[in-house]
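Rule-based calculations on the coordinates, nothing more; no lab input. Note that the coordinates shown come from a computational prediction; the quantities given were computed from them, not determined experimentally. Note that each Cβ is placed from the backbone with ideal geometry, even for glycine, and that neighbours are counted across all protein chains shown.
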Amino acid sequence: MFTTRTLATLAAATTLALSLAACSGAADAGSGTPAVDAATATSLAAFGDLAALEDAARAEGALNVIALPRDWANYGAVLDAFTEKYPEITITEASPDASSAEEILAADNLAGQDTAPDVFDLGLAVALSSTDNFAPYQVAGWADIPDALKEASGLYTGDYGGYMAVGYDPDAVPAPAELSDLLGAEYKGKVAINGDPTQAGAAFAAVGLAAVASGGAVDDFQAGVDFFDDLEQAGNFVKIDPTPATIASGETPVVFDWDYLNVGYGTSLAGERNWEVVVFPGTGYAGYYNQAVNKDAPHPAAARLWQEFLYSDEGQNLWLAGGARPVRAEAMEAAGTIDGDLLAALPAAPDETVVPTEAESAAGAALLGEKWAAAVQ
């Protein structure tokens, strides 16, 4: 979906040798077939086929997800579609408003318990620092996913993405035409970001956008930190995590967030608040969230079935319906399996786009860990 220096060199297709998971030596009663150890399965091939994985997941009967707000990238419809398809599997939705870092903390705190998360949805910076928590798994559509958006063994895999954008209430503030406009007196006490950039992927990307729009680069977030320092000094930065409720109340009339989330705010507040979304001209900052399976998942087969569903054409089109750009979009467009109307309805992309690499994300996370708190205290 993105024309970027990161993605331009990707091969059109990747030939992969998918490893088979180790299987238990015990035989299923009366079948003589070795039982699959779902916790070590690294691909669908370990189960034989999708039907066998579905049977294993139904036998577990449960799936624990975490940090999936129902109004985020159409996740409500995604969760409901999975439940409709697999009514025998009960989904527990924990802490929908948790940050990526809090997902990992929950997994650590609940390790060994039935309530531990089975799967994660994470910003790249947290995914990179948490690989010890993940079990490798390569979904059936693995070859459709650009190499730059997946860890080679399947420890984490890009799922959906978008552009960092600014949403604003046109009845409360003038329309910003560029990033520097937000430093003006008209925006005093009005500009928010979605979370703490040392913990949350959307907030991390807000600093990344500020960096590339302020003369910095995706491999050096200092210019972004400096921008938010200036925003704080001007009295324009408000330390409130935005939600539809804070937008409706007028507490956060300007919000840095992913384009699909900002569009979603406007949809949910239609008739209550006017809400416009702008992707600033110049260099756009794009990013993907990432799926991962908890290595200690209490329901390892259901965790892997969830992954297969998310990366299926159905799951990918459901994210697209939420305004997010699914990671298999290019392959699905070529195959004719993507919803063309939804694809055409996406906001126009900037002429130039940057997507941080693993190394750039790690460098940004390290810099923010050192300097963010002092900049906005």
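Assorted remarks:
- With the charge dipole of segment 100-150 set up from +1 on Lys and Arg Cβ and -1 on Asp and Glu Cβ about the Cα centre, the Cα lying farthest toward the positive end among the listed residues LEU110, SER100, GLN138 is that of GLN138.
- Simple point charges give the picture: +1 on the Cβ of Lys and Arg, -1 on the Cβ of Asp and Glu, and for the chain a dipole about the Cα centre of about 200 debye.
- Applying 0.36 nm per residue to the separation of GLU276 and ASP55 and subtracting their alpha-carbon distance, the gain on full extension is 75.0 nm.
- Total lysine pairs whose alpha carbons fall under 18 Å of each other in the chain (8 or more apart, or interchain): 4
- Normalised contact order of segment 129-226, rounded percent, pairs of Cα under 8 Å and 6 or more residues apart: 14 percent
- Only Lys, Arg, Asp and Glu carry charge here, each on its Cβ (+1 for the first two, -1 for the last two); on that basis segment 225-304 has a dipole of about 480 debye about its Cα centre.
- Here the Karplus relation 6.51 cos²θ - 1.76 cosθ + 1.60, evaluated at θ = phi - 60°, turns the backbone of segment 93-99 into coupling constants of 9, 9, 6, x, 9, 5, 7 Hz, with x for every Gly and Pro.
- Exposure proxy for ASP226, ASP171: other Cβ atoms within 10 Å of each Cβ, ordered fewest to most, give ASP171, ASP226.
- For the chain, the membrane-span-like helices by this rule, meaning whole DSSP H stretches whose C-alpha atoms cover at least 24 Å of axis and whose Kyte-Doolittle mean is 0.0 or above, are 358-376; this says nothing about an actual membrane.
- Extreme residue, positive dipole direction of segment 147-205, given options TYR163, ALA177, GLN199 (C-beta unit charges): GLN199
- Computed over segment 222-377, the Cα gyration tensor eigenvalues convert (square root of 5λ each) into semi-axes of 30, 23, 18 Å, ordered from largest to smallest.
- Cα radius of gyration and Dmax for segment 221-303 (Å): 17.4, 52
- Charge-dipole axis of segment 327-377 as Lys and Arg at +1 and Asp and Glu at -1 on Cβ define it, positive-most pick from LEU368, ALA335, PRO347: LEU368
- Förster radius 45 Å - calculated FRET efficiency between GLN233 and ALA77, Cβ distance, rounded to 0.05: 0.60
- GLU333-LEU269 pseudo-label distance in nm [points 7 Å out on the Cα-to-Cβ vector]: 3.1 nm
- Here is the size of the chain from its Cα atoms: Rg then Dmax, 21.0, 76 Å.
- Loop GluC sites (Glu not before Pro), segment 98-178 (other Cβ atoms within 10 Å of the site Cβ: 16 or fewer; DSSP): GLU178
- Beta bridges by DSSP in the chain, antiparallel share as percent, to the nearest 5: 65 percent
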